[in-house]
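> Can you read through this structure? Questions will come right after.
The values are calculated or read from the model by the stated rules, or taken from the named source; none is laboratory data. Worth saying up front: this structure is predicted, and the values here are computed from it rather than measured. Glycine also receives a Cβ, built like all others from the backbone with ideal geometry; neighbour counts cover every protein chain displayed.
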Amino acid sequence: METISRFLLPGSLLLLVYVFGFWVSTLGKPYHGLLFNLHKLIALGAVILGVIRVSNLLKDANIQFVMIALAAVCVLCIVVLFATGALMSVGRLRHAPLLIIHRIALTALPLAVTSMLYFLTGGK
Ligand code: HEM
């Protein structure tokens with residue numbers, strides 16, 4: 001329960017990132033400036049807060065291989081989301097493949113995060 005409450009704020013921020021992401025996407029190009037900036041800045045805030053909370057939990061956890069693998073997937077997804085997001089906004093590369101990669105990473109991220117929390121809380 002305590003673990004869940006620790007992740008309430010980063011989780012809600014992440015939810016907002018998804019809401020703004022779909023909103024920006026629906027309005028299309030050129031991207032709505034305010035919504036696009038909210039999307040990326042809230043993403044940055046959610047990532048920073050999430051990393052702080054997870055590293056606090058990891059301090060007192062018995063780290064297993066599965067945790068390292070899941071943490072690596074999360075880091076990879078975050079890097080890919082920021083890179084493809086930035087490239088889509090610049091608009092120099094083909095948009096469709098970047099959006100597909102952004103979508104794969106945004107689907108994999110919550111799966112990896114929830115699995116990590118599941119293992120961190122000992123499956124309770
Ligand atoms: C935790 C990080 C992030 C998540 C979870 C996320 C999630 C999303 C979601 C759900 C969409 C809607 C996709 C769709 O229509 O299927 C989206 C679109 C978009 N995101 Fe992100 N995003 C993240 C980070 C970023 C960052 C850092 C940037 C910019 C630097 C960015 C730029 C964009 C752009 C430009 C679109 C619109 C794509 C389009 O339809 O043309 N995203 N994002």
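> Could you tell me which numbered condition L109 fails, if it satisfies all but one of (1) farther than 19 Å from L9 by Cβ; (2) hydrophobic (A, V, I, L, M, F, W, C); (3) crowded, with 16+ Cβ neighbours inside 10 Å?
Result: L109 fails condition (1) only.
> Okay, moving on. If you go through region 1-25 one residue at a time, how many are more than 7 Å from the ligand (Cβ to nearest atom) and not in a loop (DSSP other than H, G, I, E, B)? Reasoning before the result, please.
At the first step, the residues of region 1-25 found to be more than 7 Å from the ligand (Cβ to nearest atom) are 1-13, 15-16, 19-20, 23.
Then drop every residue that is not not in a loop (DSSP other than H, G, I, E, B), which leaves 2-6, 8-13, 15-16, 19-20, 23.
Residues meeting the conditions: 16.
> Next question, about the same structure. Six or more apart or on different chains, Cβ atoms under 8 Å: show the pairs whose first residue is in region 88-101 and at pLDDT below 95 and whose second is outside any helix (DSSP H, G or I) and surrounded by 10 or more Cβ atoms within 10 Å (Cβ to Cβ).
Pairs that qualify, where the first residue is at pLDDT below 95 and the partner is outside any helix (DSSP H, G or I) and surrounded by 10 or more Cβ atoms within 10 Å (Cβ to Cβ), are G91/K29.
> Among the residues of region 29-51, how many are near the ligand (Cβ under 9 Å from one of its atoms), outside any helix (DSSP H, G or I) and modelled with pLDDT of 95 or more?
1
So that you can scan it fast, the table gives a plain yes or no per residue for (1) under 23 Å from T107 (Cβ atoms); (2) in contact with a Ser or Thr (Cβ under 7 Å, 6 or more places away or on another chain):
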position: T3; (1), (2): no, yes
position: G11; (1), (2): yes, no
position: L15; (1), (2): yes, no
position: W23; (1), (2): yes, no
position: L35; (1), (2): yes, no
position: G45; (1), (2): yes, no
position: D60; (1), (2): no, no
position: I63; (1), (2): no, no
position: M67; (1), (2): yes, no
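> Would you pick out the residues in region 63-75 that are touching a residue at least 12 places away in the same chain (Cβ under 8 Å) and in a helix (DSSP H, G or I)? If you could, list the steps in order and put the result at the bottom.
Step one: filter region 63-75 for residues touching a residue at least 12 places away in the same chain (Cβ under 8 Å), giving 64, 66-67, 70-71, 73-74.
Answer for region 63-75, where residues must be touching a residue at least 12 places away in the same chain (Cβ under 8 Å) and in a helix (DSSP H, G or I): V66, M67, L70, A71, V73, C74.
> Go through the residues of region 54-62 one by one and say whether even a single one is exposed (fewer than 13 other Cβ atoms within 10 Å of the Cβ), within 16 Å of the ligand (Cβ to nearest atom) and part of a helix (DSSP H, G or I). Let's see the steps before the verdict.
Residues of region 54-62 exposed (fewer than 13 other Cβ atoms within 10 Å of the Cβ): 55-56, 59-60, 62.
Now drop any that are not within 16 Å of the ligand (Cβ to nearest atom), which leaves none.
No, region 54-62 has no match at all.
> Scan region 71-91 residue by residue and report those that are more than 19 Å from N37 (Cα to Cα) and either away from the ligand (no atom under 11 Å from the Cβ) or surrounded by fewer than 16 Cβ atoms within 10 Å (Cβ to Cβ) (or both). Outline the logic, then answer.
Filtering region 71-91 for residues more than 19 Å from N37 (Cα to Cα) gives 71-77.
Answer for region 71-91, where residues must be more than 19 Å from N37 (Cα to Cα) and either away from the ligand (no atom under 11 Å from the Cβ) or surrounded by fewer than 16 Cβ atoms within 10 Å (Cβ to Cβ) (or both): A71, A72, V73, V75, L76.
> Another question, if that's okay. Looking for something free of Cβ contacts under 8 Å to residues at least 24 places away in the same chain and more than 21 Å from L58 (Cα to Cα) - is there at least one such residue anywhere in region 107-118? Don't jump to the end; show me each part of the working.
Filtering region 107-118 for residues free of Cβ contacts under 8 Å to residues at least 24 places away in the same chain gives 107, 111, 114, 118.
Retained after the next criterion (residues that are more than 21 Å from L58 (Cα to Cα)): 107.
Checked region 107-118: at least one residue is free of Cβ contacts under 8 Å to residues at least 24 places away in the same chain and more than 21 Å from L58 (Cα to Cα).
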